[in-house]
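Notes for the one structure printed next.
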Amino acid sequence: MPSSEIEAKADFDHIRYAQLWEDADVLTDALGACAGGTLVSICSAGDNALAMLTLDPAKVVVVDLSPAQIACLKLRIAAYRTLSHPEFIELTGSRSCKRRLSLLSRALEETDAETRAFWNALAPDVDRYGIGGVGKFERYFRIFRTWLLPLVHSRRTIDDVFVSRDPHAREAFFDTRFNTFRWRLLLNVFFSRFVMGRMGRDKAFFDHVEGSPAQHVARRIRHAGVDTDPSQNPYLHWILKGTHGNALPMAWRAEHYDTIVSRLDRLDIRPGSLEAFVSTGEKADGFNLSDIFEYMSPEVFAQVYGSILSAAAPGARLVYWNMMVPRRVPEQNKERMKTLTDIETRLKTRDMAFFYSDFVVEQVRA
Ligand SMILES: C[S@@+](CC[C@H](N)C(=O)[O-])C[C@H]1O[C@@H](n2cnc3c(N)ncnc32)[C@H](O)[C@@H]1O
């Protein structure tokens, strides 16, 4: 097996995720008390590894196969060091702004030459969308928002989504104003197996989903619109409007800014696979595994899971999401692990990154 199965499959030259689409409030809650411990995080765009610093660990080891994703974290570190919080959320794209290029170049002065060259090449896109808007994933959302959404909903309806309401009023708004015939038609077309295949999405990805992919997405959008409060949902705001509203992802909120800045030195960035960390012999007290398992075949998943356990201290928690493919502790490791069902259930109800079908918190028995 190569050091990682997906390393062999995917091309990592560009940014796939320019911001984290996994809810860090849920993640940090699930990891529990970790003060003084060693944590391990998949990098992606870096925001959740940064949010994990609020747990006061001795260090957060950050791994990613993709140099482009590591460059996202390196730029963020420099931005936290050089910018004020209001400037930082202008650079990210959370707030509209006309001085992004000067903020970018100030932050880049604090980085290494490679990171600077990488981001300088993206400067026109950063100027338009912010550093959180320049990935492939965000581009899909932009196409959806620019070309498809206006065919279905007026600007006024979209703005109305983010008015704070009680759960009863949210349901009424959703059923009468948002979940219209045209909206359902759009979902059915956009998430048809035909269109997904055309857009390069592997159809097998949806094989485990109950009903059609469009039905799955419709259920998750109901969670975002009715079960949770859209006015508090930064992810939904970005998808529908291209910026953040009052609510921000955890690592980008003012209340955590100084804490994160003061702990940046605790990040230990290791470009490469999670499997490489596991083979160092170090032990960690908690793992943020993003949704990496669903990119692996069941056999590779079981093998990687076992090797993570060999690098996990007693009591360590493994936290991860599944979007479409079911992954939970493999049969052969069940005896060693405890599933923290109460924590999962509590956190699933408030997970604002609504597109995942499952959230898993498993703990190594002490
Ligand atoms: C699994 S993807 C999912 C992204 C995510 N849903 C988000 O919101 O950002 C996150 C990152 O995991 C990295 N990755 C996947 N498998 C990995 C592995 N075995 N070791 C290290 N990084 C891995 C990818 O390069 C990618 O940047």
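The values are calculated or read from the model by the stated rules, or taken from the named source; none is laboratory data. Nothing here was measured: the structure is a model prediction, and the numbers come from that model. Here the Cβ is made from the backbone with ideal geometry for all residues, glycine too, and neighbour counts use every protein chain on show. Note: accessible area is taken over every heavy atom of the protein model, side chains too, but ligands, DNA and RNA are not part of it. Shrake-Rupley method; radii C 1.70, N 1.55, O 1.52, S 1.80 Å.
Remarks
- Only one of the numbered conditions (1) part of a helix (DSSP H, G or I); (2) open to solvent by 60 Å² or more (accessible area, probe 1.4 Å); (3) in contact with a Ser or Thr (Cβ under 7 Å, 6 or more places away or on another chain); (4) away from the ligand (no atom under 16 Å from the Cβ) is violated by L101, and that is (3).
- For segment 107-119, the criterion of being touching an Asp or Glu at 6+ places or on another chain (Cβ under 6 Å) and in the same structural domain as L31 (by TED's automatic domain parsing) is satisfied by no residue at all.
- Taking the criterion of being touching a Lys or Arg at 6+ places or on another chain (Cβ under 9 Å) and open to solvent by 20 Å² or more (accessible area, probe 1.4 Å), the residues of segment 243-261 that qualify are T243, V261.
- Qualifying residue in segment 258-265 (condition: assigned by TED's automatic domain parsing to the domain that holds R76, hydrophobic (A, V, I, L, M, F, W, C) and in contact with a Leu (Cβ under 6 Å, 6 or more places away or on another chain)): yes
- When residues in segment 279-298 are screened for being open to solvent by 30 Å² or more (accessible area, probe 1.4 Å) and in contact (Cβ under 8 Å) with a residue 40 or more places away in the chain, 6 of them pass.
- Evaluating P86 against the criteria (1) open to solvent by 10 Å² or more (accessible area, probe 1.4 Å); (2) in a helix (DSSP H, G or I); (3) touching a residue at least 12 places away in the same chain (Cβ under 8 Å) leaves one unmet condition, (3).
For (1) part of a loop (DSSP other than H, G, I, E, B); (2) in contact (Cβ under 8 Å) with a residue 60 or more places away in the chain; (3) away from the ligand (no atom under 16 Å from the Cβ); (4) among the acidic types (D, E), each residue gets a yes or a no:
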site: H223; (1), (2), (3), (4): no, yes, yes, no
site: V226; (1), (2), (3), (4): no, no, yes, no
site: L236; (1), (2), (3), (4): no, yes, no, no
site: L248; (1), (2), (3), (4): yes, yes, no, no
site: T259; (1), (2), (3), (4): no, yes, yes, no
site: F277; (1), (2), (3), (4): no, yes, no, no
site: V300; (1), (2), (3), (4): no, yes, no, no
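- Meets criteria (under 19 Å from D285 (Cα atoms) and not aliphatic (A, V, I, L, M)) for R346: no
- So E87, is it acidic (D, E), closer than 21 Å to D268 by Cα and more than 19 Å from the chain's Cα centre (by Cα): no
- Some residue of segment 309-329 being polar (S, T, N, Q), at negative phi and modelled with pLDDT of 95 or more: yes
- Looking across segment 13-46, the residues that are closer than 21 Å to W238 by Cα, open to solvent by less than 10 Å² (accessible area, probe 1.4 Å) and in contact with a Leu (Cβ under 7 Å, 6 or more places away or on another chain) come down to V26, C43, A45, G46.
- Count - residues of segment 266-275 that are more than 10 Å from the ligand (Cβ to nearest atom) and either in a strand (DSSP E or B) or open to solvent by less than 20 Å² (accessible area, probe 1.4 Å) (or both): 3
- Qualifying residues in segment 38-62 (those that are more than 10 Å from N288 (Cβ to Cβ) and in a strand (DSSP E or B)) - the one nearest to the ligand (Cβ to nearest atom): V61
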